[in-house]
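The values are calculated or read from the model by the stated rules, or taken from the named source; none is laboratory data. What you are looking at is a predicted structure, and each value in this text was computed from that prediction instead of being measured. Neighbour counts are summed over all protein chains in view; Cβ atoms, including those assigned to glycine, are modelled from backbone coordinates with ideal geometry.
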Amino acid sequence: MSNVIPIRVSNNRVLKQIETQKPAMATTVPLLRNAYLNYHAHKGHPAALVPLTLTEAERNALYDIYQGETQKYEVKWIGKFRNAPNQTYCPLCGSPNPSQLEHYLPRAHYPEFTLLSWNLVPTCAICNPKRGHHAHAPMEEMTLVHPYYEEMLFTQNLFSVLIVPPFSAVSFVPVTCPGPFSQKIIRRLERQIEICFDKEKLNRWLANKLWKEMHAELSGIATQKDAMAKIVNKLKIYQKTTGSNSWDSIFFRGLIADDNAVQWLCNTPSDILY
Ligand SMILES: [Zn+2]
C-alpha cells in the first residue's frame with residue numbers, strides 16, 4: 001500500500017521558534033496554534049474552518065519562512081520535500097511522479113496554514129495549477145479527498161476508466177468506481193476528477209504506454225481467461241507499488257471490466273499501426 005504519510009514534525013515547536021524569533025508575531029502565534037488544533041480536529045475540512053484575518057505583514061512573515069527561512073525555523077523539511085516529495089504518484093490525481101509540495105487548503109484563503117505540515121501534501125505539476133483555488137470549497141460535498149486524513153484514497157478503489165472504441169484509436173474516460181459509496185462521496189469523487197485530473201495527459205499516458213504495452217503482451221493469447229489472469233496480476237502489482245488509484249491501477253481496473261477491449265487486444269496483431 002503506497003500511503004502518504006504526513007511529515008513527522010512538531011508544528012508546535014515551529015510556532016515556538018516564530019514566537020521567540022519574530023517578536024512582531026507574538027500575538028499571532030496563539031491564534032495560529034488554535035487554528036492548527038481546529039484544522040486537526042476537523043481534518044482540514046474547509047466547511048468547518050473559518051479563515052483568520054491576518055494582516056499583510058503577518059501573511060508575509062509566514063510566507064518568508066516557507067520560502068526562504070526554513071533553516072532558521074526548523075522547517076527545512078519544507079525545502080527538501082518541495083523538491084523531492086518521495087512519492088510514486090500524486091495522491092490527488094494519481095499521475096506518476098509528483099514533484100511538488102502544495103497547500104491542501106490554499107494559502108490565499110488560509111494563510112494561517114502556510115507552515116502547517118498537515119496542510120502540505122505532495123502533488124504533481126499537472127493538477128496543482130488546475131486545482132488553483134478550487135480546493136477552497138465551502139460545501140462538504142465539494143471538498144477534495146485529503147491524503148492525510150482520508151484513508152479511502154489508499155484503501156479503496158475510487159477511480160476507474162471507461163475504454164472508448166475504436167480500439168485502434170482508443171481513448172479513456174476517468175470515472176468513479178461503483179463501490180459502496182454514499183451519494184455525497186460520489187459527488188466529491190466526481191469533483192476530484194473534474195478539478196484534479198488532466199484528462200488529456202491521462203489519455204495520452206494510457207493510450208501510448210499502458211495500452212500498447214498490454215497489446216504487445218496479450219496479442220496472440222488464446223483464451224480470455226489467460227489474458228484476464230495476466231491483467232488481474234498486473235493490477236495487483238500496481239496497487240501494491242503505486243497505490244489503488246494511480247493511473248496504472250485505474251487503467252487495469254477499467255480493462256478488467258471491459259471484455260471487448262481484452263478480446264480485441266488478444267485477437268489483433270500487436271504490430272498494427274495505431
Ligand atoms: Zn496530481
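Spot the failing condition for G94; the list is (1) at pLDDT 90 or above; (2) surrounded by 15 or more Cβ atoms within 10 Å (Cβ to Cβ); (3) out of contact with any helix residue (DSSP H, G or I) (no Cβ under 7 Å at 6 or more places or on another chain); (4) closer than 30 Å to K240 by Cα, and only one is missed.
Every condition holds for G94 apart from (3).
Does the range 20-68 hold any residues that are among the small types (G, A, S) and surrounded by 15 or more Cβ atoms within 10 Å (Cβ to Cβ), and which are they?
A35, G44, A61
Can you go through K234, K230, K184 and tell me which one is of a type outside the set (A, V, I, L, M, F, W, C) and either assigned by TED's automatic domain parsing to the domain that holds A125 or under 30 Å from P129 (Cβ atoms) (or both)?
Numbers: K234 fails: either assigned by TED's automatic domain parsing to the domain that holds A125 or under 30 Å from P129 (Cβ atoms) (or both); K230 fails: either assigned by TED's automatic domain parsing to the domain that holds A125 or under 30 Å from P129 (Cβ atoms) (or both).
Matching residue, one of K234, K230, K184: K184.
With the requirement that a residue be part of a helix (DSSP H, G or I) and more than 15 Å from the ligand (Cβ to nearest atom), what does the range 101-129 give you?
Matches in the range 101-129: P111, E112, F113, S117, W118, N119.
Looking at the range 221-246 only, could you name the residues that are in contact with a helix residue (DSSP H, G or I) (Cβ under 6 Å, 6 or more places away or on another chain) and hydrophobic (A, V, I, L, M, F, W, C)?
Within the range 221-246, I221, A227, I231, L235 qualify.
State yes or no: is I65 within 17 Å of the chain's Cα centre (by Cα), at pLDDT 70 or above and of a type in the set (A, V, I, L, M, F, W, C)?
Here the answer is no, as I65 does not meet what is asked.
What are the pairs with Cβ atoms under 8 angstrom where one residue, in the range 261-273, is surrounded by 15 or more Cβ atoms within 10 Å (Cβ to Cβ) and the other, located anywhere, is in a helix (DSSP H, G or I) and among the aromatic types (F, W, Y)? Sequence gap at least six, or different chains.
Within 8 Å, the pairs are A261/F167; W264/F167; L265/F167; T268/F167.
In the range 233-251, is there at least one residue being part of a helix (DSSP H, G or I), at pLDDT 95 or above and over 25 Å from the mean Cα position of the chain (by Cα)?
Taking every residue of the range 233-251 in turn, none turns out to be part of a helix (DSSP H, G or I), at pLDDT 95 or above and over 25 Å from the mean Cα position of the chain (by Cα).
So is L206 among the aliphatic types (A, V, I, L, M) and not in a helix (DSSP H, G or I) or not?
So L206 fails the test.
Are any of the residues in the range 166-176 modelled with pLDDT of 80 or more and assigned to a loop (DSSP other than H, G, I, E, B)? Talk me through it step by step, then tell me what you get.
As a first pass, look at the range 166-176 and keep what is modelled with pLDDT of 80 or more: 166-176.
Restricting the remaining residues to those that are assigned to a loop (DSSP other than H, G, I, E, B) gives 166, 170.
Yes: the range 166-176 contains one or more residues that are modelled with pLDDT of 80 or more and assigned to a loop (DSSP other than H, G, I, E, B).
Just give me the residues in the range 177-196 being in contact (Cβ under 8 Å) with a residue 40 or more places away in the chain and part of a helix (DSSP H, G or I), in sequence order.
Answer for the range 177-196, where residues must be in contact (Cβ under 8 Å) with a residue 40 or more places away in the chain and part of a helix (DSSP H, G or I): K184, R187, R188, L189, R191, Q192, I195, C196.
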